[in-house]
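Visitor: Quick one: structure below, then a few questions.
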Amino acid sequence: MSAPVPVPAAAPPPVSTPASGPSPGPERRVRALHTATTVTVYQAYRPEIGLPAARDGRFPAAWKRDRMTWIKPSFLWMMYRSGWGTKEGQETVLAVEITREGFEWALRRACLSHYERGLHADREAWRRELRRAPARVQWDPERDLRLAPLPYRSLQLGLAGEAAGRYADEWTVSVTDVTPLAHRAHALVRAGDLPGAARLLPAETPYPETEGLLDRVRAD
């Protein structure tokens with residue numbers, strides 16, 4: 001695995017859009033902070049997991065590889081899920097930079113977490129696919145800075161079995177504790193300074209869709 005390359009907490013990435021959150025577009029589209037070789041996803045853990053992961057650039061032994069783990073390219077959706085890093089068990093928010101190769105490996109092998117007419121032949125076909133798939137996808141409403149739902153959806157990618165092991169041991173490039181960033185943005189939102197909070201947001205832009213990348217998880 002590549003040596004971790006931490007992102008300095010004092011230099012947050014540039015803002016993506018004004019105070020509403022990531023830019024709109026197709027209802028189901030991956031939007032993320034990404035480079036030519038990596039994509040950043042977010043998770044939140046209790047400090048006993050999150051702090052060693054950020055310190056060492058990899059998940060500690062206490063991180064269970066036999067459990068499904070959900071990664072989220074949307075910073076604001078992670079803020080919604082974790083309550084800006086205040087919910088019990090989610091006090092440490094991590095930005096995990098992973099290889100695009102690994103991210104796309106998971107997407108091409110993923111199954112939707114629910115049956116969808118037009119994408120699956122029938123419910124039994126969906127159940128069979130779900131049992132075999134090493135990854136699953138949910139499309140949840142994106143959130144604005146007040147954590148209200150927006151009229152388009154954000155990707156959640158669940159990794160299990162082989163995918164979870166690859167995520168922890170092969171795909172991870174760096175792990176950064178962005179809890180201070182979450183708390184700073186939250187404080188600005190609470191003070192009514194939405195433009196100031198927006199300037200702290202990661203620059204999430206549409207992720208390049210190579211042919212067939214989302215065919216298994218998106219009918220539209």
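The values are calculated or read from the model by the stated rules, or taken from the named source; none is laboratory data. Bear in mind the structure is a predicted one, so any value in this text is a computation, not a measurement. Virtual Cβ from ideal backbone geometry, glycine too; neighbours counted across all protein chains shown. Just the protein is used for accessible areas: all its heavy atoms, side chains included, with ligands, DNA and RNA removed. Shrake-Rupley method; radii C 1.70, N 1.55, O 1.52, S 1.80 Å.
Visitor: At 0.36 nm per residue, and after removing the present C-alpha to C-alpha distance, how many nm does the segment from Asp66 to Leu130 gain when stretched out fully? Provide the component values of the computation, followed by the final result.
Guide: Numbers: separation 64, 0.36 × 64 = 23.04 nm, distance 1.67 nm.
Once the chain is fully extended between Asp66 and Leu130, it gains 21.4 nm.
Visitor: How charged is the neighbourhood of Leu188? Take every other residue with its Cβ under 13 Å from the Cβ of Leu188, and add Lys/Arg as +1 and Asp/Glu as -1.
Guide: Neighbour charge sum, excluding Leu188 itself: +3.
Visitor: Now a separate question. For the chain, which whole percent of the accessible surface, found with a 1.4 angstrom probe, sits on carbon and sulfur atoms? Please list the in-between numbers first.
Guide: Details: 5310 of 10260 Å².
Carbon and sulfur: 52 percent of the exposed surface of the chain.
Visitor: Also, I was wondering about something else. Which value in nm describes the separation of the simple spin-label points at Arg46 and Leu213, placed 7 Å from the Cα toward the beta carbon?
Guide: 3.6 nm
Visitor: Now for a separate question. How much net charge surrounds Ala44 when only other residues with a Cβ under 10 Å from its Cβ are counted (Lys, Arg +1; Asp, Glu -1)?
Guide: Numbers: positive: Arg46, Lys72, Arg81, Lys87; negative: Glu91.
Net charge around Ala44: +3.
Visitor: Please state the charge dipole magnitude for the chain, taken about the Cα centre, from unit charges on C-beta atoms (+1 on K and R, -1 on D and E), reported in debye and rounded to the nearest 20. Please list the in-between numbers first.
Guide: On the way: 31 positive and 26 negative charges, 87 e Å.
About 420 debye.
Visitor: Taking the Cα centre of the stretch 119-171 as origin, sum charge times position over the Cβ atoms of Lys and Arg (+1) and Asp and Glu (-1), and report the length of that vector in debye to the nearest 20. Kindly include the intermediate steps, with their values, before the conclusion.
Guide: On the way: 10 positive and 9 negative charges, 40 e Å.
Here the stretch 119-171 has a charge dipole of around 200 debye.
Visitor: A follow-up question, please. Give the accessible surface of the stretch 86-220 per residue, rounded to a whole number of Å², with probe radius 1.4 Å and ligands, DNA and RNA excluded.
Guide: 46 Å²
Visitor: Here's something else I'd like to know. Where both residues lie in the chain, what percent of DSSP beta bridges are antiparallel, nearest 5? Mind dumping the intermediate values first?
Guide: Working: 28 of 33 bridges.
Approximately 85 percent, going by the DSSP bridge assignments.
Visitor: Please report the net charge: other residues with Cβ closer than 9 Å to the Cβ of Glu142, K and R +1, D and E -1. Provide the component values of the computation, followed by the final result.
Guide: Working: positive: Arg31, Arg143, Arg153; negative: Asp140, Asp144.
The answer is +1.
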